[in-house]
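Only one structure is covered here, and it is reproduced in the block below.
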Amino acid sequence: MLEDDGLIVWESMAVNLYLAEKYGRNSLWPSDLAGHAGPLMWSLWGMTETEPHLISILRNRVIAPPEQRDEKAATASVEALKAPLKALDQSLQGREYLLGNSFTIADLNVAAVMSWAMMIRLDLSATPTAQAWLQKCLGRDANAKVRTLK
């Protein structure tokens, strides 16, 4: 949850988008309305196309007690991730980041969701461009700094 000048914003993706628009114009957040489409599309894509599957794998292979794990569900989620990961990999071909050659809120949001893949040791070798992009995003100094905050 974020409180900013009396405004309460909850839900992590909403917080990120709000902060990017308020403080990150022309760097994290495009300054024009048409430019907002990319960050919004990719952020929603991360939440809808990958996050549910990553959480299912996490729950069924790591979090739940062994007797409550459902390996069939985890395997189905791994399979379901193949198409979105391929789309991500293809979208990154020939560019540094999701929207071009600059890191934006789209990269921050999708990499945050995709960080679950690292936690569950998801094999990303079939999508090497996406794998390299994720490592680059998670390896940023700002990411390392925020992960050490308590």
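Quick rundown of the values:
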read-out: Tally of residues being without any contact (Cβ under 8 Å) to a residue 40 or more places away in the chain and either of a type in the set (A, V, I, L, M) or surrounded by 17 or more Cβ atoms within 10 Å (Cβ to Cβ) (or both) across the stretch 19-40; value: 5
read-out: Scan of the stretch 62-88 for residues that are of a type in the set (Gly, Ala, Ser) and surrounded by 17 or more Cβ atoms within 10 Å (Cβ to Cβ), ordered by number; value: Ala74, Ser77
read-out: Checklist (1) at pLDDT below 95; (2) out of contact with any helix residue (DSSP H, G or I) (no Cβ under 8 Å at 6 or more places or on another chain); (3) more than 21 Å from Thr127 (Cα to Cα) applied to Trp29, failing item; value: (2)
read-out: From the options Ala132, Ala111, residue that is surrounded by fewer than 20 Cβ atoms within 10 Å (Cβ to Cβ) and either part of a helix (DSSP H, G or I) or out of contact with any Gly (no Cβ under 6 Å at 6 or more places or on another chain) (or both); value: Ala132
read-out: Selection count where residues are within 21 Å of Ala130 (Cα to Cα) and in a loop (DSSP other than H, G, I, E, B), scope the stretch 1-56; value: 1
read-out: Among (1) charged (D, E, K, R); (2) crowded, with 17+ Cβ neighbours inside 10 Å; (3) in contact with a helix residue (DSSP H, G or I) (Cβ under 7 Å, 6 or more places away or on another chain), the one test that Arg59 misses; value: (3)
read-out: Qualifying positions in the stretch 101-123 - at pLDDT below 95 and over 19 Å from Glu49 (Cα atoms); value: Asn101, Ser102
read-out: All positions within the stretch 91-108 that are without any contact (Cβ under 8 Å) to a residue 12 or more places away in the chain and either among the aliphatic types (A, V, I, L, M) or outside any loop (DSSP other than H, G, I, E, B) (or both); value: Ser91, Gly100
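The values are calculated or read from the model by the stated rules, or taken from the named source; none is laboratory data. Here the structure is a predicted model, which is why all the values come from computation and not from measurement. Ideal geometry is used to build each Cβ from the backbone, glycine not excepted, and the neighbour counts take in all protein chains shown.
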